[in-house]
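Participant: This is the structure I have questions about; it appears just below.
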Amino acid sequence: MTIRKVKIEDLRSSVFVSDPQVSPDGGRAAFVHTAVDYDEDDYVKHIWMLDTATGKHRQFTSGAGKDSNPRWSPDSSRLLFLSSGREPEKKNQLYVIDAEGGEAQLVADLETGVMNPQWAPNGRDIFFTSRVWEPEKPETDVVVVKRIWYKLNGVGMFAGKRVHLFTVRQGRKPKQLTKGECDVEAAAWSPDGKQIALITNLEEDADMTHVRHVYLMPSKGGEMKRITETSHTISGLSWSPDGSEIAYIGNDFHARGATNNDIWIMDSEGGAPRNITAGFDRSIGRGVGSDLRFSTPSPGPVWSKDGESIYFLTGDVPTANVYRVSKETGEVTRLTSERSVDGFTLSSDASVLVYNAMKATHPCEIWVKDVKGERRATKFNDRLLKRLSIVEPEHYIWVNEEGVEIDGWVMKPVGYTEGEKYPTILEIHGGPLGIYGDGIYMEFQLLTSTGYCVIYTNPRGSGGYGEEYGATLNGRHGTVDYRDVMDFTRDAVERYGFIDGERLGVTGGSYGGYLTNWINTQTDMFKAAVACRSTCNRLSHHGYSDLGYKHGESGNVGYPWRDEEKLLSQSPLRHAEKVKTPTLFIHSENDLRCTIQQAEEFFVALKELGVDTELVRFPGESHELSRSGKPRHREERFRHMLRWFDKYLK
């Protein structure tokens with residue numbers, strides 16, 4: 001077999017495996033299989049079924065529509081799932097299908113779509129959420145904005161809508177349980193099915209605070225009772241098997257946005273919660289980055305059958321793993337290793353663990369762990385990968401100015417020859433609480449296939465190293481993070497003789513795009529830069545970004561009307577006169593997280609200053625262009641990046 005270099009077009013043959021869900025009896029697992037339909041410039045997404053004992057798997061749903069979110073009924077006899085496009089222009093709707101196959105039955109059809117469905121313990125009722133008009137749909141297309149949070153990247157504008165909870169039984173109409181000016185952010189059935197615990201904030205200024213509360217309400221509808229008295233940020237939650245306790249993932253915001261998410265347990269009737277992962281010093285739910293993955297929804301805290309422990313997922317550089325924590329002692333046990341887990345699920349007795357995981361050289365596949373051991377159950381990407389020269393990153397440890405040991409990686413170009421020097425690209429992750437580790441990036445593989453070395457690290461402010469490491473960047477963009485990536489680059493040039501220190505490029509996305517812009521204002525060490533979905537103005541970003549208003553008390557630790565000097569001093573735009581590096585801006589026109597106005601501001605400044613620069617705009621794309629944008633756009637993004645680096649580094 002002839003082995004060849006990775007090509008941009010190999011994206012078309014990649015398969016993305018996500019959201020594994022093992023049946024309660026452990027016998028089967030459903031998962032989402034996503035493939036590229038290049039002709040339609042879209043993705044084909046269906047549910048597949050795996051026999052956990054034999055490893056045999058097959059496509060389970062078919063036809064038009066994108067199928068996702070498979071969830072088993074308590075008796076393992078049926079699956080619910082979401083599907084969009086089975087009827088033209090329809091958003092996700094709720095279907096149920098027999099586990100043996102057959103025709104899927106439409107259960108809930110809402111104009112506003114269906115999200116986060118979950119079976120009731122009785123196996124008949126289902127709850128779900130939907131972003132619905134509150135109090136009713138306006139008769140005009142003129143948008144009246146009353147809330148500070150009225151848009152979301154990937155969703156769009158939703159002024160006048162709120163996320164509310166519904167229940168439905170097959171053959172009946174959905175019943176809306178919650179109403180009013182609040183959003184239901186997560187929910188869970190009690191074990192007896194009589195109550196639903198949900199996360200929301202009923203205060204008028206809910207958008208202006210990180211605080212969320214747990215409420216209980218009768219599953220048939222009725223008054224909500226608040227059972228928390230904390231000032232916590234709260235995300236996922238679940239009931240203990242006997243219904244006496246509730247676990248939730250949350251934090252008290254003491255380190256602002258970098259505060260570790262922990263697992264807290266409280267009495268289901270109310271009372272003070274207890275942090276059972278306080279000694280772990282990793283933020284629950286963080287994952288390792290990749291651009292060859294469709295992410296799996298977080299399972300939240302998952303109770304053991306005996307109620308004595310809880311399972312969870314998080315990243316600890318260089319991998320993300322499944323862990324179990326003892327409810328009584330807080331002792332944490334790692335259950336997986338050697339690869340980065342993206343999502344997991346357990347049978348009802350926890351004897352079967354099914355998860356999807358990746359390596360730096362292989363996209364996610366399905367794995368099974370049971371009494372027989374641990375094994376990979378799918379090989380969707382093997383045929384393609386066997387034909388390609390895939391570069392294994394070399395992992396090493398370097399030491400920053402504070403004496404802290406930090407993980408670094410270097411990737412040699414395909415066809416590397418001893419004694420040669422190669423142009424090298426510094427990659428910077430987003431976040432800033434993102435994590436580089438054992439995760440695959442097609443971007444990195446393409447760069448090495450076209451003759452570049454690639455280097456990357458986790459500077460201060462990254463996730464995966466503990467709370468203090470992440471929190472040190474609060475309110476200090478462009479300081480310790482900048483010093484770390486620069487010291488890392490100098491260390492790599494000195495450490496590896498094949499890195500050409502005169503032909504260095506830099507690129508990154510989101511926060512990594514910001515730091516790319518900042519680097520260009522501080523040094524001319526890099527001869528070319530590609531800033532993706534970047535920001536340049538910490539002051540204006542506060543008002544333009546969908547979540548920018550949260551930066552005042554979190555990332556920026558400052559507000560435009562109060563801390564103008566601080567925000568502008570950390571803005572690349574203020575220092576634009578110092579830029580000498582040719583810079584390519586790649587930005588999505590529908591990016592609501594880091595809006596295209598940010599790229600426009602810096603592009604105009606560099607043009608006026610005579611710096612060689614271009615702005616590449618992708619219509620119809622969001623902040624997720626590099627990970628889930630239209631296939632043709634993803635390919636074109638790669639071409640522009642390679643074109644720019646080739647122009648200045650070769």
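Participant: Quickly run through region 473-508 and pick out the residues that are open to solvent by less than 10 Å² (accessible area, probe 1.4 Å) and in contact with a strand residue (DSSP E or B) (Cβ under 8 Å, 6 or more places away or on another chain).
Facilitator: Those that are open to solvent by less than 10 Å² (accessible area, probe 1.4 Å) and in contact with a strand residue (DSSP E or B) (Cβ under 8 Å, 6 or more places away or on another chain): D484, V485, F488, T489, A492, I499, L504, G505, V506, T507, G508.
Participant: Which one is surrounded by the fewest Cβ atoms within 10 Å (Cβ to Cβ) among residues in region 454-472 that are among the charged types (D, E, K, R) and not in a loop (DSSP other than H, G, I, E, B)?
Facilitator: Taking the candidates together, the pick is E468.
Participant: I need every pair where a residue in region 547-565 that is closer than 20 Å to S510 by Cβ has its Cβ under 6 Å from the Cβ of a residue that is in a loop (DSSP other than H, G, I, E, B), sequence separation at least 6 or different chains.
Facilitator: From region 547-565, the pairs are Y549/I148; G552/Y559; V557/N474; V557/G475.
Participant: Consider F16 carefully, then state whether it is open to solvent by less than 10 Å² (accessible area, probe 1.4 Å), among the aromatic types (F, W, Y) and either over 30 Å from F444 (Cα atoms) or in contact with an Asp or Glu (Cβ under 8 Å, 6 or more places away or on another chain) (or both).
Facilitator: no
Participant: Here is a follow-up. From (1) closer than 30 Å to P241 by Cβ; (2) in contact with an Asp or Glu (Cβ under 8 Å, 6 or more places away or on another chain); (3) hydroxyl-bearing (S, T, Y), pick out the condition that doesn't hold for T129.
Facilitator: Failed condition: (2).
Participant: How many residues are touching a residue at least 60 places away in the same chain (Cβ under 8 Å), more than 16 Å from S268 (Cα to Cα) and outside any strand (DSSP E or B) if we restrict to region 194-251?
Facilitator: 3
Participant: Of the residues that sit in region 532-556 and are of a type in the set (A, V, I, L, M, F, W, C) and open to solvent by 20 Å² or more (accessible area, probe 1.4 Å), which one is farthest from S571 (Cα to Cα)?
Facilitator: Taking the candidates together, the pick is L547.
Participant: Report the residue count in region 302-333 for those that are under 18 Å from I249 (Cβ atoms) and charged (D, E, K, R).
Facilitator: Here the count works out to 3.
Participant: Considering region 1-44 alone, what residues qualify as being without any contact (Cβ under 8 Å) to a residue 24 or more places away in the chain and under 21 Å from T378 (Cβ atoms)?
Facilitator: Of everything in region 1-44, those that are without any contact (Cβ under 8 Å) to a residue 24 or more places away in the chain and under 21 Å from T378 (Cβ atoms) turn out to be A35, V44.
Participant: Kindly check whether there is at least one residue in region 73-88 that is over 24 Å from the mean Cα position of the chain (by Cα) and part of a strand (DSSP E or B).
Facilitator: Yes; the residues of region 73-88 include at least one that is over 24 Å from the mean Cα position of the chain (by Cα) and part of a strand (DSSP E or B).
Participant: Give D19, D25, D51, D98 a once-over and let me know the one that is farther than 22 Å from S351 by Cβ and either modelled with pLDDT of 95 or more or not aliphatic (A, V, I, L, M) (or both).
Facilitator: D98
Participant: Hey, another quick one. For region 169-184, state whether one or more residues are under 19 Å from I263 (Cβ atoms), assigned to a loop (DSSP other than H, G, I, E, B) and among the aliphatic types (A, V, I, L, M).
Facilitator: Among the residues of region 169-184, not one is under 19 Å from I263 (Cβ atoms), assigned to a loop (DSSP other than H, G, I, E, B) and among the aliphatic types (A, V, I, L, M), which makes the answer no.
Participant: Filter region 599-618 down to the residues that are open to solvent by 10 Å² or more (accessible area, probe 1.4 Å) and in contact with a helix residue (DSSP H, G or I) (Cβ under 9 Å, 6 or more places away or on another chain) and list them by number.
Facilitator: Of everything in region 599-618, those that are open to solvent by 10 Å² or more (accessible area, probe 1.4 Å) and in contact with a helix residue (DSSP H, G or I) (Cβ under 9 Å, 6 or more places away or on another chain) turn out to be E601, A605, E608, L609, V611, D612, E614, L615, V616, R617.
Participant: Failed condition for G289, given (1) closer than 16 Å to A187 by Cα; (2) open to solvent by less than 30 Å² (accessible area, probe 1.4 Å), with all others met?
Facilitator: All conditions pass for G289, except number (1).
The values are calculated or read from the model by the stated rules, or taken from the named source; none is laboratory data. Quick caveat, the model's predicted, so the values are computed rather than measured. We place every Cβ from the backbone using ideal geometry, glycine too, and count neighbours over all the protein chains shown. Only protein heavy atoms, including side chains, enter the accessible area calculation; ligands, DNA and RNA are left aside. Shrake-Rupley method; radii C 1.70, N 1.55, O 1.52, S 1.80 Å.
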